[in-house]
1. Assigned to a loop (DSSP other than H, G, I, E, B), over 24 Å from Lys182 (Cα atoms) and of a type in the set (D, E, K, R) - does that describe any residue in region 72-85?
2. Answer yes or no: is there a residue in region 207-217 that is assigned to a strand (DSSP E or B) and assigned by TED's automatic domain parsing to the domain that holds Ile240.
3. Read through the list (1) in a helix (DSSP H, G or I); (2) within 16 Å of the chain's Cα centre (by Cα); (3) under 29 Å from Pro127 (Cβ atoms), then give the number of the only condition that Lys223 fails.
4. For the structure I just gave you, tell me whether Leu60 is at pLDDT 95 or above, part of a helix (DSSP H, G or I) and within 23 Å of Gly181 (Cα to Cα).
5. Name the residues in region 270-285 that are acidic (Asp, Glu) and either exposed (fewer than 15 other Cβ atoms within 10 Å of the Cβ) or in contact with a Cys (Cβ under 8 Å, 6 or more places away or on another chain) (or both), would you?
6. Pairs please, first residue from region 102-123 and outside the structural domain of Leu150 (by TED's automatic domain parsing), second anywhere and at pLDDT 95 or above and assigned to a loop (DSSP other than H, G, I, E, B), Cβ atoms under 7 Å, 6+ apart in sequence or on different chains.
7. Within region 169-184, is even one residue within 21 Å of Ser130 (Cβ to Cβ), among the hydroxyl-bearing types (Ser, Thr, Tyr) and surrounded by fewer than 17 Cβ atoms within 10 Å (Cβ to Cβ)?
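The values are calculated or read from the model by the stated rules, or taken from the named source; none is laboratory data. Here the structure is a predicted model, which is why all the values come from computation and not from measurement. Virtual Cβ from ideal backbone geometry, glycine too; neighbours counted across all protein chains shown.
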Amino acid sequence: MMRDAALRDFAQIRDIEILMTCDQRLAAPAEAHEVLMVDTQQDVWPLWERCISASDAILLIAPETGGVLERLTQLADRLNKMVFGSKASAIKLAGDKWLTYQSFISHNIPTPDTYLANDLPNSMQGPYISKSRDGAGCNDMAYFDDIQLLQAWLKGREHTHIIQPFQTGDAASFSMLCKNGKAYLLSCNRQHIQINGQEFSYHGGVVNGLDVHREAFNTLAQKIVQALPGLAGYVGVDLIVHKGEYFVLEINPRLTTSYVALRQACGGNPAQMLLDLFYNETFIMPGIIHHKVEVSLNVAVLTD
């Protein structure tokens, strides 16, 4: 969904030619000018390197997990190509929830207490959440009321996970553009996250569903770009809103699901904004609207 939204946005800009790779088990998108199909047994990295070499600028849609997004960014840097995204150093920091937490604390950004799985204090009270340090979405993330169940689940994850107290409130996110230590808020979003037993699952959300918090989200956005130098392009921030307080959870230095409905929600072309952000010495944020748009598994619907 993120890929197709980005393709539609870039395809509507004159003089843009799109080169992309696609899993051969899926249909090739019509919006791309050239699509290179990838076999499931193929080592895709040499192909990605050829694609990056053949392009003027690169938009990477990849998870932080396993350092994949950082590695792709470093590859583009070695080839001296423009990347519509964050610096590799910022991706490394944002892609590690423990390092991100330490940065939040040092910059007075409100965030839940966070502990390494192998260094959990005896005084910590439940319920608990455990997350992979480099996980994306709800991958390998679990909820526990009981410390013994948590400790049992952590077997084999002692060096890969963090633990946080469960923070009640509204699951939220905001989308922003940023560059050179300046953030430009795009949307303030409500997230639909469910807990079934121990498992978390993400079911979409409402882009601009929490627009009432725009001023506070903008303040946080400016603090975040100062805390993580090198953030650039489209960035998503996950947080909890609870009784007028805000708890920032993580930074996603890439496209997020909210991008799927962003054009409808803001009334402008986010791809054109990215081009303007990276190619112009001075970026002027265009005027945008604040429609609420629901994003479900397969469709984005204008709701007001």
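1. No: region 72-85 contains no residue that is assigned to a loop (DSSP other than H, G, I, E, B), over 24 Å from Lys182 (Cα atoms) and of a type in the set (D, E, K, R).
2. yes
3. (2)
4. no
5. The answer is Glu281, and nothing else.
6. Correct list of pairs: Ser103/Leu228; Phe104/Thr111.
7. No, the conditions are met nowhere in region 169-184.
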